[in-house]
Structures are given as structure tokens and as C-alpha cells.
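Take a look at the structure set out below.
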Amino acid sequence: MIFSAPLYIKDRHCGYCNDTKSDYFALESQAKDSNGKSRGGSGDGGVGGELSTKQSIMVGSSITSMTCENYDELINQGFRRSGTFLYKSDLLRTCCRLYTIRTNMSYFKPSKKQRKAINRFIKEICPDESQLSPVVKNSFNLDRILEAQLKSTTFKIKFEPSKFSKEKFQLYKKYQVAVHNDDPSEITERSFTRFLCDSPFTGDEKRGTYDQWQSLDINNWTKETNEKRIGPTHACYYLHDKLIAISVLDFLPSGISSIYFIWDPDYAHLSLGTISGINELQMSQSLGYDWYYLGYYVEDCVKMNYKANFGGEILDVCSEVYYPMEDVKPYLQNGRLFVIGTIGETKQGSELDYEASGRTKGDTVTELNYNAAEDIFGGVDVYRKAKDEARQLLSDHDIGRSDEYKLPQVMPGLIPLSKIQQWLDVGIIGDETSIKIDMFGGVHKFLLGNLNREGRGFYIDCIRLFGLEKMKNSTMILQ
Ligand SMILES: [Zn+2]
């Protein structure tokens, strides 16, 4: 992986709540506290006055290159990509909590509304229903939607590389203006390309082979010779040879990840968002992918909480395990932070001892104890302690100045400073740790001990964000 210095981005406009939330707190105690002020003080990376910003707060990094395997692991740590920018939100301080959600057919029970949408869509693309298997009274056959698409003479989905075309851009612009009220003058070919065509993946994964593209055609789903496609794609929906929707997807080793869905407002009656969700769920299953990743779920945002209609499970960024949506839903109410506590195990954003717990990252866990977010992040002690730990790193290892860490001293899903200290103490990280840095137009190897104080602080930030393993084969770009 090649990436640039992690950024902590504050004061960013929030597209989910439009910065209009009255209760934007991660914890009940913050909501009760008068305006959330004074908690943890200010300027120490504590929750402090930052709470009153009511805006989107995230950490991110520009990715020059990574594999789909890298990205697969990262989305299971709570990251998502927008073009080549990789990010995850600061769940403690941002106004809306963005949780990674994934599902598969075992979780999906079509609702009445979804069934209606399916039936409408079938009628549109296959008006002569006598061609399809008969409807059995009081039952719902999901396979009819596939059958209708196979037999339709007017509708087809074409999979292709995530490349720019005028036709796609026109549809994108029409959609953004009509559905998201964007200013037309701000929608440029460049912004469309950066957002939905560019990707950080390497050449082969970007392009795909002829066989791989063929295998994605609905006619070929069940062929056993299928080679699994890996990489980004645009699934283009055509009705009467007119482009009416684009589903922007990443095929990853563990599943199909949905990035964005664009539809023609003239075809709103077809509920194409629902149809594409069902298509992608079915495709995940037919092609042997374990999961369908729907991006972020935001419990208190109508634009985003429709995702719950597909069932599924939600990622706890602190333990990096998933919990069934139905189980954790009570903890998400009012847009609150959830961190499932199994007593004695969950620490602040800690790397779990997966081996001891008999789990691996990305596992689904169904036994719940309680929402430990308040215990872990609610008291001022955790912020004071982290401040002391930052000071200690400075005095023991000359790493960073306590006020110069780019990332907060406490944040769900970041490796805590105490863990870093522990790794330094036992020599998992040390002066001899080798680091690749791209600077002055070339890649150079450095030893951690030879970097200056700020350089070491920067490296520690990268470890806290991406984890130790990922850093072993990565190159950091210093501007
Ligand atoms: Zn918001």
C-alpha cells in the first residue's frame, strides 16, 4: 500500500444531517452534559469543545496504490473509499455515526414495499408474465426477478470498467441535481471522475479480463467455470437501449461492495435502488461471494437507514467484529455510539487478542453483553490517561510532541497510545524498525531511530490508523 500522511479532517459539511442536528452526541452522558462542554478539557485530544462543531469529522488518507485484498481488510476496519481517498469517521466526535453494514441472502426477508417494487419492475421489463413461472398464492418467489431479467427483451445490465463516459456523466448530473439538489455548475466531469471512476487499485484489477466480465452477465452466473472478478466496476442498467442507472461497485475477495447508485429521476417509479440492492444480493450469492457490503449505515438519517431493509450486521470498530443488526439496534437509537463490551475484553479501540478469543477479524458474533461505549469513552479519566501516555511516549521514545499528534489521543477504532507504548517497550516497534518513505521523487528506506521526532510521530499515527501488519509492506508519501 502506498499512501500519504493521515489527515484529521474537521469542520467538514455533513451531507447526512446538513449540520442541522439538535442532538449530535455519541453518548448519553454527553447529551445530558450542558452542551457537551468541559468534557476532557480542550486541546488535549479529549472530546472537549470539539463537540459543539456539529459537523462531520473524519480521518483519512490519499491512496496511491493498494490491492483489493488490502481494501477488503480495511473496510472490515470501518474504512470506505471515495475515489482514491480512504476514510473513516471519528465516531466519538462527528455529528452522524457511520457504521459499516454488510448483509447476505440469509439475512434478507423482502418487505411488502420491496415486493411491490419487484412486481412493478417485473411488469415493466417483462410485460408478458405468461413467460415467467406462475405466482404461487400467498408466497413470494424472489427468483422471478432474475427470470424476468433473463427473458426481458428491453432491459439489460452491462458490467464494465469504472471508466468515464459522457453518457454516464450526463446521467450523474441529472441525478445529483434532481435528487440531491446539487448546484449544476458545481458538477463537473472532473468531480464525477474523481468520485466514481478513479480507484487506487492496480492495473489488472482495474481492467478485469474478458472472461471475468462475461461471467458477470446474468446468463453466466451459475457456470462453474467462473473466475471470480476482483476490482471496481460500473454496472450499467439499460432500458430500451437507454442508460437509466449505474451501480458503482467494488468486487472484493470477501464480497461485493456498493459505492454509489445513480438513477434517472424519470424512472423513479421503478425503485431502481431497491432493485439494484436485490440484484447485488443475488449476484453475491450466485457468484460465491460471502457478503454484500452496503457502505455506511446511519441510524438517524432517512437517506441512509433504508439499508436496514436488507437486513444484515453492523461492525463494531473497536473489536472489528460484526453484530446482527437486530441485536444492536437498541444501542444505535438517537444516533449513539455502540461498542459491545464483553467484560474484561474490550478496551478503548484496542487490538483484541483474537487468538485467545477464538475469533478472527470480521467474524459475526451473536452473544451480546452490553453497550460499553459509556464505560469506555464517557469518563474524563480516559482522556487524562491518554494525555499522560502521549507525554510518556515523548519522554521515553522521543516520539511526537504531545500537542503535535495529528490523530486524537482517544478515538474508537484507533490503536490506543498505551498499546503503542507496550509495543515499543517489548521491541515490536523500535529504532531498528524499517520504514519506506516516498520523498524527493524516490522511495527511501529509513530506520525509525533515524527519523526525527515529527517523523516518528507520523509513523505512529499511521500504525494507529492502519494497524501494525499493514505498515510492514507499506510506503508512506511525505509531501
Ligand atoms: Zn451529520
* **Karplus-derived HN-Hα couplings along the stretch 109-118 (A = 6.51, B = -1.76, C = 1.60, θ = phi - 60°), whole Hz, x at Gly and Pro** => 10, x, 7, 4, 5, 5, 4, 4, 4, 4
* Top to bottom by accessible area (1.4 Å), largest first, where do H234, H240, H13, H397 land? -> H240, H13, H397, H234
* Asked: Relative contact order for the stretch 160-312: what is it in percent, counting Cα pairs under 8 Å that are at least 6 residues apart?
  -> 20 percent
* For the stretch 185-193, Karplus couplings with θ = phi - 60° (6.51, -1.76, 1.60), whole Hz, Gly/Pro x -> 5, 8, 9, 10, 4, 5, 5, 4, 5
* Structure fact -> With Rg from the Cα atoms and Rh as the Kirkwood inverse mean 1/r over Cα pairs, the stretch 105-289 has an Rg/Rh of 0.96
* Asked: So between R194 and D266, what do we pick up on full extension, going 0.36 nm a residue minus the alpha carbon distance?
  -> 23.3 nm
* Asked: Stokes-Einstein at 37 °C, 0.692 mPa s, Kirkwood radius from Cα pairs: D for the stretch 268-349 in µm² s⁻¹?
  -> 226 µm²/s
* Asked: If one puts a single equal scatterer on every Cα of the stretch 174-272 and applies the Debye formula without solvent, what log₁₀ I(q)/I(0) results at q = 0.23 Å⁻¹?
  -> -1.31
* In Å², nearest 10: area of D396 left accessible to a 1.4 Å probe -> 80 Å²
* For D90, D375, D388, give the ranking by accessible area with the largest first, probe 1.4 Å. => D375, D388, D90
* **Percent RCO, i.e. relative contact order, over the stretch 62-168, from Cα pairs under 8 Å lying at least 6 residues apart** => 17 percent
* Using a probe of 1.4 angstrom, how much of the accessible area of the chain is carbon and sulfur, in percent? -> 49 percent
* Value of relative contact order over the chain, rounded to a whole percent, pairs C-alpha under 8 Å and six or more apart -> 19 percent
* To do: Output ³J(HN,Hα) for the stretch 307-312: one whole-Hz value per residue in order, computed from phi by the Karplus curve 6.51 cos²θ - 1.76 cosθ + 1.60 with θ = phi - 60°, and x for Gly and Pro.
  => 4, 4, 5, 9, x, x
* Asked: Relative to the compact globular guide of 2.2 N^0.38 Å, what is the alpha carbon radius of gyration of the chain, as a ratio?
  -> 1.03
* Could you state how much accessible area K151 has, in square angstrom rounded to the nearest 10, with a 1.4 Å probe and all protein chains kept in place? => 80 Å²
* **Protection-proxy order for peptides 104-110, 131-137, each taking the mean of Cβ atoms within 10 Å per residue, highest first** => 104-110, 131-137
* Asked: How many Å² of accessible area per residue for the chain, probe 1.4 Å?
  -> 44 Å²
* When ranked by the protection proxy of mean other Cβ atoms within 10 Å per residue, highest first, what sequence do the peptides 424-433, 113-122 form? -> 113-122, 424-433
* Highest average packing first - 192-202, 65-75, 174-184, 155-165, Cβ atoms within 10 Å -> 65-75, 192-202, 155-165, 174-184
* For the chain, what is the mean residue ellipticity at 222 nm derived from helices alone (per DSSP H run of n ≥ 4: -39500 (n - 2.57); sum divided by total residues; nearest 500 deg cm²/dmol)? -> -8500 deg cm²/dmol
* Asked: How much of R336 can a 1.4 Å solvent probe reach, expressed as accessible area in Å² and rounded to 10?
  -> 20 Å²
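The values are calculated or read from the model by the stated rules, or taken from the named source; none is laboratory data. Just so it is clear, the structure is predicted and the values come from calculations on it, not from any experiment. Because the Cβ atoms are built from the backbone with ideal geometry, glycine has one as well, and the counts that use them run over all protein chains shown. The accessibility values were calculated without ligands, DNA or RNA, using every heavy atom of the protein model including side chains. Shrake-Rupley method; radii C 1.70, N 1.55, O 1.52, S 1.80 Å.
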